[in-house]
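Student: Questions regarding the structure given below will be posed in turn.
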Amino acid sequence: MKDSPLTIKSKELALDVIKICKELRVSKCENALINQFLRSGTSVGANIREAQYAHGTADFIAKLQIALKECSETEYWIELLTESGYYSDKAILDKCIEVKKILISSINTAKSKNV
């Protein structure tokens, strides 16, 4: 899973989030928004990385589900940032949705193999 599309894309998402947060700080965006976006956006990949060392299938699924929740939260912060006018590039939203879809598929696959 180390070089899986999910691992790669979630890390790319985190790096993009970090870059965007730097831009948002320069443009004087609300710190609360930046901090929440940064936390959730980087947490997705961290939880996926944790899943690589899960203590069995149930733990693996649980870690991916946490990553999915963080990804959904990140999507929310992106929507807020774009709809409030603080950020306008929608590419980050597309990347986040792509990671979310891969996570959902991975969770469903893991669950089907666990039955």
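Values quoted throughout were computed directly from the atomic coordinates according to the rules given, and no laboratory measurement underlies them. Remember, it's a predicted structure, so these values are computed and weren't measured experimentally. No Cβ is skipped: glycine too gets one built from the backbone with ideal geometry, and neighbour counts run over all protein chains shown.
Student: Please rank Phe37, Phe60, fewest neighbouring Cβ atoms within 10 Å first, as an exposure proxy. Intermediate results must be reported in sequence, preceding the final value.
Tutor: Values: Phe37 25, Phe60 20.
Fewest to most other Cβ atoms nearby, the residues stand as Phe60, Phe37.
Student: Which whole-number percent gives the relative contact order of the chain, counting Cα pairs below 8 Å spaced six or more residues apart? Spell out each step's value before the answer.
Tutor: Working: 114 pairs, mean separation 32.8, N = 115.
Rounded, it is 29 percent for the chain.
Student: Per residue, how big is the convex hull of the chain when only Cα atoms are used? Give it in Å³.
Tutor: Values: hull volume 9.7 nm³, N = 115.
It comes to 85 Å³ per residue, whole-number rounded.
Student: Helix 5-26 versus the longest principal axis of the chain: what angle, 0 to 90°, nearest 10, using Cα atoms?
Tutor: Rounded to the nearest ten degrees, it is 20.
Student: Hey, which of these cross-link pairs are over 18 Å Cα-Cα: Lys9/Lys111; Lys63/Lys95; Lys69/Lys95; Lys19/Lys69; Lys9/Lys90? Mind dumping the intermediate values first?
Tutor: Numbers: Lys9/Lys111 22 Å; Lys63/Lys95 20 Å; Lys69/Lys95 15 Å; Lys19/Lys69 22 Å; Lys9/Lys90 16 Å.
Among Lys9/Lys111; Lys63/Lys95; Lys69/Lys95; Lys19/Lys69; Lys9/Lys90, the Cα-Cα distance tops 18 Å for Lys9/Lys111; Lys63/Lys95; Lys19/Lys69.
Student: While we're on this one: By how many degrees, between 0 and 90 and to the nearest 10, does the Cα long axis of helix 31-51 differ from the longest principal axis of the chain?
Tutor: Tilt relative to the chain: about 20 degrees.
Student: Something else now. Under the Karplus relation 6.51 cos²θ - 1.76 cosθ + 1.60, θ = phi - 60°, what is the ordered set of whole-Hz ³J(HN,Hα) values for segment 99-106, x standing for Gly and Pro?
Tutor: Calculated HN-Hα couplings, in order: 4, 4, 5, 5, 4, 4, 4, 5 Hz.
Student: Taking the Cα centre of each part, how many Å lie between segment 1-28 and segment 30-60?
Tutor: 12
Student: Hey, what number do you get for the chain at 222 nm if only DSSP H runs of n ≥ 4 count, each worth -39500 (n - 2.57), divided across all residues, to the nearest 500?
Tutor: On the way: 4 runs with 94 residues, N = 115.
Using -39500 (n - 2.57) per qualifying helix, the result is -29000 deg cm²/dmol.
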